[in-house]
């Protein structure tokens, strides 16, 4: 009697465990337009995008494609999950995400389904059925904005054939250039040529019976798919805290005092040099003084971080002047002595940053310090390489000035100093888990891989300072991640993403003013959202200030800075979540009326999780063991 009773009890416990912790799964399938290659050029097709969200989960993101696609689309899936959770106030690490892209043809790679992935993920998370007559194209940026893509006319035609009534495109891409293959037969000879023409997508849509709408971010796109609007917190004024302003003012004073002192020493040494050498030293000193004046003016105008940037440039030029004058008067020993000192200071800096624990209150500061550390270390390596090749002084090239070992060394020295000044703002507070940091670093590194890879493909070997910088940041981010430095990998990846996406905008010649408005708004909302949760996104606010200063004089730099501002604030805010929070959704009217002719399926099921199956197996084995023990007795 005792043996059957024990077995029955074990069976009841197993069933209770499995039934008590089910995994809820919600699935959404929408149509996503893509481009295929044909003998007559390119053509559009509709592929099926299926997004499955499982709860509870652990933040895993899975991607599969039929036929296989490239890393651009795979990386977009992870960014889509990140953005969807951010916008809806969900905890990324509480869900698992499964993406399946299927098409009848081998589609051309690219991240153009990223925005659609994000909207579908949001719909699955909210268990909302998306409209079937809305189709969209566009890459997803980690700040929630929609980036430019190619082949839109072909995709629009495919969407129209599939029954779409609304076609969403990235803001700034209403007018695009389309390439078509034309063949002319003259006797037995066929001449093939590619003809380019300008296409107004709104006009083309009207001819096809489709309303073409420009959308700047996925929150706007979500309205068209679901009729629901995400309520954002009231936008707050972006202004650094008074104690931070005071600290930055002290940085500026320190930078400028050092610059002034070195300029005097440089001119004293220059008096012993030839006229041409003295002229070059004077040029560097004058540049230093120009930046110093700018820094003082900016402080008075309330641009604190921008002033610190100008003061850094002043110190950098003064250091170049001093090290150059010292080298010209004392020789290589002077350079080697300074190089040794900078290398030693970088080693000490590394130990100092590593010794500080990542916290919600200090992660911004640590991220800024790590970015500057890696920048300084890279320039020190460049200095060493240039020195080994005999390129100690700067040289004139067709493209401008090629830095020599001294300029790289001067930059490394002062970049390390800026890292230490950022560390002065560090605050120990709520410690962050390595799991959470790794998850965010994973997402941003994937995003950096995706955007940099896509930009590299678009440039096809052409030079771009933004793309080069993005590639280098990506290399540094990989190194940091491999070393387990997730805070550094996070910050470096954000900068890589920002530079790459800005380079992509430059390729597509999108309407910069439209894009600027969108990214600026995204940054402002992200900062406001972080502040509404009691956070101080110092790095994001600093980037925002610098972006606003450069908006008219250097739009591309400004765009990149706004991107960094938005993603930095988003990362900080999403890191503060443990179980998410409620986001308000309000109905909104979207016309024309729905006409669900595009394939769409929504499925909601409840199944045991994989962990439960493993638990069942363990209990089964335990039951067998107990049975054997009882039998032996």
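The values are calculated or read from the model by the stated rules, or taken from the named source; none is laboratory data. Because the structure is a prediction, the values reported are computed rather than measured. Please note: Cβ atoms are built from the backbone with ideal geometry, for glycine as well, and neighbour counts cover all protein chains shown.
Reported count of residues in segment 461-472, each being more than 18 Å from the chain's Cα centre (by Cα) and surrounded by fewer than 16 Cβ atoms within 10 Å (Cβ to Cβ), is 3. Given the criteria under 19 Å from residue 422 (Cα atoms) and surrounded by 15 or more Cβ atoms within 10 Å (Cβ to Cβ), does residue 383 qualify? Judged against the criteria, residue 383 is not a match. Only a single criterion out of (1) in a loop (DSSP other than H, G, I, E, B); (2) over 23 Å from the mean Cα position of the chain (by Cα); (3) buried (at least 24 other Cβ atoms within 10 Å of the Cβ) is not satisfied by residue 124, namely (1). Of the residues making up segment 496-521, those that are more than 20 Å from residue 449 (Cα to Cα) and either buried (at least 23 other Cβ atoms within 10 Å of the Cβ) or within 12 Å of the chain's Cα centre (by Cα) (or both) are 515, 518, 519. Just to be sure, is residue 24 in a loop (DSSP other than H, G, I, E, B) and touching a residue at least 12 places away in the same chain (Cβ under 8 Å)? The answer is no for residue 24.
Considering only residues in segment 143-189 that are modelled with pLDDT of 95 or more and assigned to a strand (DSSP E or B), the one that is farthest from residue 114 (Cα to Cα) turns out to be 166.
If we scan segment 62-71, do we find a residue that is more than 19 Å from the chain's Cα centre (by Cα), under 24 Å from residue 438 (Cα atoms), surrounded by fewer than 18 Cβ atoms within 10 Å (Cβ to Cβ) and at pLDDT 90 or above? The answer is yes, given that some residue of segment 62-71 is more than 19 Å from the chain's Cα centre (by Cα), under 24 Å from residue 438 (Cα atoms), surrounded by fewer than 18 Cβ atoms within 10 Å (Cβ to Cβ) and at pLDDT 90 or above. In summary, residue 357 fulfils each of the numbered conditions (1) under 27 Å from the mean Cα position of the chain (by Cα); (2) assigned to a helix (DSSP H, G or I) with the single exception of condition (2). In segment 402-499, counting only helices (runs of 4 or more DSSP H) that sit wholly within it, the ones holding 2 or more residues that are closer than 24 Å to residue 251 by Cβ span 405-423, 465-482. Among the residues of segment 522-542, just one is part of a helix (DSSP H, G or I) and surrounded by fewer than 18 Cβ atoms within 10 Å (Cβ to Cβ), namely 532.
One line per residue, one yes/no per condition, for (1) on the phi < 0 side of the Ramachandran plot; (2) at pLDDT 85 or above; (3) surrounded by fewer than 24 Cβ atoms within 10 Å (Cβ to Cβ):
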{"position": "423", "(1), (2), (3)": "yes, yes, yes"}
{"position": "431", "(1), (2), (3)": "yes, yes, yes"}
{"position": "436", "(1), (2), (3)": "yes, no, yes"}
{"position": "441", "(1), (2), (3)": "yes, yes, no"}
{"position": "452", "(1), (2), (3)": "yes, yes, no"}
{"position": "459", "(1), (2), (3)": "yes, no, yes"}
{"position": "494", "(1), (2), (3)": "yes, yes, no"}
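Restricting segment 300-359 to residues that are free of Cβ contacts under 8 Å to residues at least 40 places away in the same chain and in contact with a helix residue (DSSP H, G or I) (Cβ under 6 Å, 6 or more places away or on another chain), the residue that is farthest from residue 277 (Cα to Cα) is 310. For the condition part of a helix (DSSP H, G or I), touching a helix residue (DSSP H, G or I) at 6+ places or on another chain (Cβ under 9 Å) and touching a residue at least 24 places away in the same chain (Cβ under 8 Å), residue 245 qualifies.
Taking the conditions (1) over 21 Å from residue 469 (Cβ atoms); (2) surrounded by 18 or more Cβ atoms within 10 Å (Cβ to Cβ) in turn, residue 390 satisfies each one other than (2).
For segment 408-429, indicate whether the set of residues that are in contact with a helix residue (DSSP H, G or I) (Cβ under 7 Å, 6 or more places away or on another chain) and without any contact (Cβ under 8 Å) to a residue 24 or more places away in the chain is non-empty. Looking through segment 408-429, none of the residues is in contact with a helix residue (DSSP H, G or I) (Cβ under 7 Å, 6 or more places away or on another chain) and without any contact (Cβ under 8 Å) to a residue 24 or more places away in the chain.
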